[in-house]
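Report on the following structure.
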Amino acid sequence: MCTAQREYDIARNNNSDTPKSQMITNILRFTTVFISILFCNAASALPQVSSDKALQACIEKTAQKNNWTTLEQVTSLKCHKKKIYRVDGIKKLSHLKKLSLFNNKIEEADFTGLAKLEELNIARNQL
């Protein structure tokens with residue numbers, strides 16, 4: 001969660017009666033935090049990679065955790081036990097060096113387009 005989102009949650013839960021000047025300050029704080037949240041979320045958004053919702057969610061969560069904003073920054077991905085069924089679109093992550101999709105529901109996969117891939121773990125799938 002972004003720092004701005006935590007600040008927003010704290011400010012939102014402050015329900016005490018305040019003088020008019022403090023209310024104006026709180027309104028300004030909410031506005032500032034809201035704008036910060038918008039920028040925080042926009043900065044972490046990557047283009048759509050896969051139609052598999054679980055895989056896409058894993059990619060987005062990993063990108064947000066690592067502050068990645070482009071597909072080229074995604075060099076390592078670990079998505080264990082996420083109920084991933086398809087890896088369509090994975091070739092868009094052309095800079096992947098490590099990919100671990102351990103214990104999912106994948107039935108078929110093609111990783112030939114991942115020229116930089118050095119480590120691959122697809123154990124415990126339906127291949």
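Rule-based calculations on the coordinates, nothing more; no lab input. In this text the structure is predicted, and so the values were computed from the model without any measurement. Cβ atoms come from the backbone with ideal geometry, glycine included; neighbour counts cover every protein chain shown.
Excluding same-chain neighbours fewer than eight residues apart, the lysines reachable from Lys83 by a Cα-Cα span under 17 Å are Lys53, Lys61, Lys105. You can think of it this way: the chain between Gln22 and Asn67 has 12.8 nm of extra reach, that is 0.36 nm per residue less the Cα-Cα gap.
Which order do Ile24, Ile122 fall in if you start with the one that has the fewest other Cβ atoms within 10 Å?
Details: Ile24 11, Ile122 16.
Neighbour counts put them in this order, fewest first: Ile24, Ile122.
Phi angles of the stretch 79-95 translate, via the Karplus equation with coefficients 6.51, -1.76, 1.60 and θ = phi - 60°, into HN-Hα couplings of 10, 8, 6, 9, 6, 7, 9, 10, 10, 4, x, 4, 5, 5, 8, 5, 9 Hz per residue; Gly and Pro are given as x.
Shown for Thr25, Thr112: other C-beta atoms within 10 Å of each C-beta, ranked fewest to most, produce the order Thr112, Thr25.
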